[in-house]
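Below: the structure, in structure tokens.
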Amino acid sequence: MRLKYLQTILEQQDGAAKIAALDWSPNGAKLAVATADRSIVLFDEKGQRRDKFPTKPTDSRYGKKSYLVKTIVFSPDSTRLAVGDKPIKSFMSIDLGNHGTRRV
């Protein structure tokens, strides 16, 4: 296998573990990146940033720092994104068509 650097899609940030998780969509059209500020950044297959949106805490009584994004995964049809947090109490399901979110 040969790897070739093409471009930087997300600028380096100070500190450790600024990228919490990432996943390619099964259809290869999207890359989702979970950042340490608990946001999800979507890129297209050319590496162009298409969207950025925040995640939410499991329980709305707690603040934004009450959880850490630990994993993200696309649905098999590439239309939804599941975001797992720590402590794992639930996950956020994100509809990529309209970016509406709901806890499951």
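Read the figures in this text as sums done on the coordinates, not as results from a lab. This is a predicted model, so every value here is computed, not measured. In this analysis, Cβ positions are derived from the backbone assuming ideal geometry, glycine residues included, and neighbour counts consider all displayed protein chains.
Quick look at the values:
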| quantity | calculated |
| --- | --- |
| Förster-model FRET efficiency, 22 Å R0, Leu68 and Ser93, C-beta, rounded to 0.05 | 0.75 |
| Under 5 Å, built H, 5+ apart or other chain: amide partners of Leu22 | Ala34, Ile72 |
| Hits among lysines - C-alpha to C-alpha of Lys86 under 25 Å, sequence gap 8 or more where chains match | Lys18, Lys30, Lys52, Lys56, Lys64, Lys65, Lys70 |
| Potential lengthening between Lys4 and Asn27 on full extension [0.36 nm per residue; Cα-Cα distance subtracted] | 6.2 nm |
| Dipole magnitude (debye, nearest 20) for segment 32-74, charges at Cβ of Lys, Arg, Asp, Glu | 180 debye |
| Segment 1-53: C-alpha gyration tensor shape, a/c 1.5 cut-off, then a/b vs b/c | oblate |
